[in-house]
Amino acid sequence: MQLRYSFRLYPTRGQQIALGRAFGCARVVYNDAVRARRTAHEQMLPFPKIGDLSRILITEAKKTPDRAWLSVVSAVVLQQSLRDAESAYANFFASLKGERKGPKLGEPSFKSRKDTKQSIRLTANARWKLTEAGRLSLPKIGEVKVKWSRTLPAVPSSVTVIKDSAGRYFASFVIDTDPAADLARFETPDPNNQIGIDLGLKHFAILSDGTKIENPRFLRRAEKKLKKAQRSLDRKQKGSKNREKARLKLARAHAAVADARREFHHQLSTRLIRENQAIAVEDLAVKALARSRRTAKSVHDAGWSQFVSLLEYKARRYGRTLIKIGRFVPTSQTCHVCDRKDGPKPLHIREWICPGCHTVHDRDINSAINVKQAAGLGGHSLWSADKTTTPVVAQRRETGSHGLPDVTRAA
């Protein structure tokens, strides 16, 4: 299984300039590839193959006065930019044919130098390496200081250098994990440790054992600071240096909210995976729930989709079972004791009495128990469950890192 381990970089001023050149060259090659594709489509010609694009847009372009500056960066950076354009078109066509899940993708567009997020990717062919001093040595850039937060579990196969909207630099390493080491990392829990999770807004998660986990509401807590930073940005003249300073201040405030939310999701998902052998959750339609004017901001603030995605890949990595039940299962309308369906209830009703067995139910705990039973856990199943556990590729921000791998990476 492949994962990404992300670390903060602290390049010097000269290294930042060199990275800026690399970002710019990669962007130009990507735009040239998109332009070549569009020109071929307008002239009703076959799409050029990646080998031809590499020869024309990189090898031959370096010999021309207009593109001679492409030689100042590693050729691998340019080749990977071409591969990104190729992948973008492959995903676009797969989306048109219905072969790709998720919303329909648009045609790849040109990248702008004004984009606040930039990145380059280096494979082993680029001869990057981790030095004995713990720095990341990048070709034609130099040795960049890395803030290690954990030891890499294996030798990385590639690294992506990213500059985010807040002006921070990150190194994202691709790691092939060892399945045996992953299974040995956490002790195997009791097979009877099975849990159902009902996700909510007042409480972020309600477990079928009665545990209620408070919703931190990171965005709501930082709302006053964000509004102040946004007003300050709106007052600045476009194109001025003060506006750029205000933009960075606002971006850093938003990044702090996103980082805090992600850390909360990681800690909670890891705890649930460590303690339980099987977990059941609802397949929520987050996009539909976020259409409401009353609860849209709170739904986005909770970040349910990110939390479930973390549960999915961690369950796959550590040998746990994750079951997602259908979103139309009436978990909040059914008594988990006698299976009587009592109909929909307004959100302000937090407790109700079952007309059949006269059991007093806490709305959220009853829903969590029904989620567990609907997944076939806890002894019986009330409804058929969708037991697909499709793995999710970890994002760049999947985890941090703390040091160098034990094996020295060969150039």
If ligands, DNA and RNA are left out, what is the accessible area of VAL72 with a 1.4 Å probe, given in Å² to the nearest 10?
-> 70 Å²
Could you pull out every one of the lysines with an alpha carbon less than 25 Å from that of LYS101, ignoring same-chain neighbours closer than 8 positions?
-> LYS111, LYS287, LYS314, LYS324, LYS387
Starting with the highest mean, order 327-335, 124-132 by the number of other Cβ atoms within 10 Å, averaged over the residues of each peptide.
-> 327-335, 124-132
FRET efficiency (GLN43, THR177; Cβ distance; R0 56 Å; to 0.05) is 0.75
Tell me which label goes with the value of Cα extents along the principal axes in Å computed from the coordinates here: (i) 69, 52, 34; (ii) 84, 52, 47; (iii) 76, 52, 48.
-> (ii)
Fully extended contour minus Cα-Cα distance, from ARG291 to LYS147, at 0.36 nm per residue | 47.9 nm
Report the label-to-label distance for ARG220 and SER95 in nanometres (one decimal), using points 7 Å from each Cα along the Cα→Cβ vector.
-> 3.3 nm
Cleavage-rule hits (GluC sites (Glu not before Pro)) in the stretch 32-93: DSSP loop, at most 13 neighbouring Cβ within 10 angstrom = GLU60
Carbon/sulfur accessible area of the stretch 61-135, % of total, 1.4 Å probe, equals 48 percent
What pairs in LYS202/LYS297; LYS212/LYS372; LYS249/LYS297 have C-alpha atoms more than 18 Å from each other?
-> LYS249/LYS297
When N is the residue count of the stretch 193-294, what does its C-alpha Rg come to as a fraction of 2.2 N^0.38 Å?
-> 1.45
Measuring with a 1.4 Å probe in the full set of protein chains, what accessible area per residue, in whole Å², belongs to the stretch 1-137?
-> 59 Å²
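The values are calculated or read from the model by the stated rules, or taken from the named source; none is laboratory data. The structure displayed is predicted, hence computed values, not measured ones. Positions of Cβ are backbone-derived with ideal geometry, glycine not excepted, and every protein chain shown enters the neighbour counts. With ligands, DNA and RNA removed, areas are computed over all heavy atoms of the protein, side chains included. Shrake-Rupley method; radii C 1.70, N 1.55, O 1.52, S 1.80 Å.
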